[in-house]
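Report on the following structure.
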Ligand SMILES: C[S@@+](CC[C@H](N)C(=O)[O-])C[C@H]1O[C@@H](n2cnc3c(N)ncnc32)[C@H](O)[C@@H]1O
């Protein structure tokens, strides 16, 4: 096996289970891409990974002991990932990349169908090894690939979208606690459904009382709004994605639920609602897409969030609840607190922080990989004196 050698001091990263090394952290590396053993500058073995000089991260480390990256290795990783989710129903994230020891691979499980994303050159190169292991470990009815995300483009890889294995229906049925969402795979965002907000949706449903009003901004297929309607609340969902809103509408009529829908830009809709005579909402949810992909974008995005929060606060009832989420690694809890403080000052509102929630356990947060903590939801309550 070929070798890469880290620069002095850079071995600490790998020793501490961080699975990536940049090209400028290497003292020496082979000519071309391939499986490598990783050694420190003192020639101490650190792990086994995949080296590709064309990748954003030159070495991806897959194991921290000696051994091959073969089918058996991947089988063990998938079995371990399954074991961690054994208590969950069959709709969950089965593989959360680095946090499951598989940098560059995401697998969402929707009953018998798996949707996979291959995000880096290493996992792309090792496809013929891990795919048979995934099939053997999970025995799915079908596997669909949605490798069309930004990170793939940054790796210089082409998009890959389509059936990888077995039978995949064109419309995926996602069952979340009894609400069944028919998601057309080709039109859907990401892997089709935001499994990561399920626990917050359960929390909202538990808190709600019949007759309360819920404003679900950035609703996607309305999984929050539909739960609210199921609890007897009035729900208004806002999103710019017409296809997603069409799914919401279909689920509502199938289940005999009523959800009002506004298609459009969140900021414009919020400002219009705040200007209108709409009665206040007891719950306002803001769950925007990944707004920040680089740290330099943070100041602009914070200003946008303050602009969103001002009308959101005007629409919030006295003692109402504000749910503010960020799925961007660079937009952390401190930034969410700061923008909300700025907007509340503008609106003369006093808030208390009731709870801060993070990615659920099927989207594990590895201590060693800070980026794996990506989802933050701050639940504020209006707290007048
Ligand atoms: C993180 S997802 C929301 C997930 C959703 N809350 C759920 O529980 O399934 C972000 C959503 O924001 C929507 N979106 C993105 N930009 C938008 C904009 N400017 N105005 C309104 N919606 C937008 C996307 O279509 C997507 O559905």
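Relative to the longest principal axis of the Cα atoms of the chain, the long axis of helix 266-275 makes an angle of roughly 20 degrees.
Label positions at residue 127 and residue 255, each projected 7 Å from the Cα along the C-beta direction, are separated by 3.6 nm.
Rounded to the nearest 500, the 222 nm mean residue ellipticity of the chain from helices alone is -9000 deg cm²/dmol, with -39,500 (n - 2.57) taken per DSSP H run of at least 4 residues.
When each of the peptides 254-263, 311-320 is scored by the mean number of other C-beta atoms lying within 10 Å of its residues, the order from highest to lowest reads 311-320, 254-263. Rounded to the nearest whole angstrom, the semi-axes of the ellipsoid equivalent to the stretch 145-210, taken from the Cα gyration tensor as √(5λ), stand at 30, 17, 8, largest first.
For the stretch 256-337, the Kirkwood hydrodynamic radius from C-alpha pairs, put into Stokes-Einstein at 10 °C and a viscosity of 1.306 mPa s, yields a diffusion coefficient of 114 µm² per second. Remark: the stretch 45-113 projects, on average over all directions, an area of 5.5 nm² (convex hull of Cα atoms). With respect to the chain, whose longest principal axis is taken over its alpha-carbon atoms, helix 298-315 is tilted by about 30°. Placing a label point 7 Å from the Cα of residue 275 along the Cα-to-Cβ direction, the residues of the stretch 296-316 whose backbone N falls under 18 Å of that point are 307-316. Taking 0.36 nm per residue of sequence separation and removing the Cα-Cα distance, the residue 268/residue 342 pair yields an extension gain of 24.7 nm. Over every Cα atom in the stretch 233-385, the radius of gyration and the widest Cα-Cα span, Dmax, amount to 16.2, 50 Å. Counted over all Cα-Cα pairs of the stretch 101-196, pairs farther apart than 23 Å make up 23 percent. Listed by Cβ neighbour count within 10 Å, with the fewest neighbours leading, 341, 201, 227 appear as 341, 201, 227. Can you put 91, 224, 74 in order, fewest other beta carbons within 10 Å first? Going from sparsest to densest Cβ surroundings: 91, 74, 224.
May I ask you to derive the FRET efficiency for residue 296 and residue 242 from their Cβ-Cβ distance with R0 = 25 Å, giving the value to the nearest 0.05? Working shown, then result.
Values: r = 32 Å, r/R0 = 1.27.
Rounded to the nearest 0.05, the efficiency is 0.20.
Relative to the dominant Cα principal axis of the chain, helix 71-84 is inclined by about 30°. Per-residue Cβ neighbour counts within 10 Å put 8, 278 in the sequence 8, 278, beginning with the fewest. What the Kirkwood sum gives for the stretch 31-153 is a hydrodynamic radius of 15.1 Å, with every pair of different alpha carbons counted. Shown here is the pair-distance distribution of the stretch 183-323: with all Cα-Cα distances grouped in 5 Å bins from zero up to the longest one, the shares run 2, 10, 19, 22, 21, 15, 7, 2, 0, 0 percent. By the Kirkwood approach, averaging reciprocal distances over each pair of separate Cα atoms, the chain gets a hydrodynamic radius of 22.4 Å. Projected onto their three principal axes, the Cα atoms of the stretch 2-63 cover extents of 24, 18, 18 Å, largest first.
Only the coordinates and a few stated rules stand behind these numbers; no lab work does. What you see is a predicted model; the values in this text were computed from it and never measured. Neighbour counts run over all protein chains shown; Cβ positions are idealised from the backbone, glycine included.
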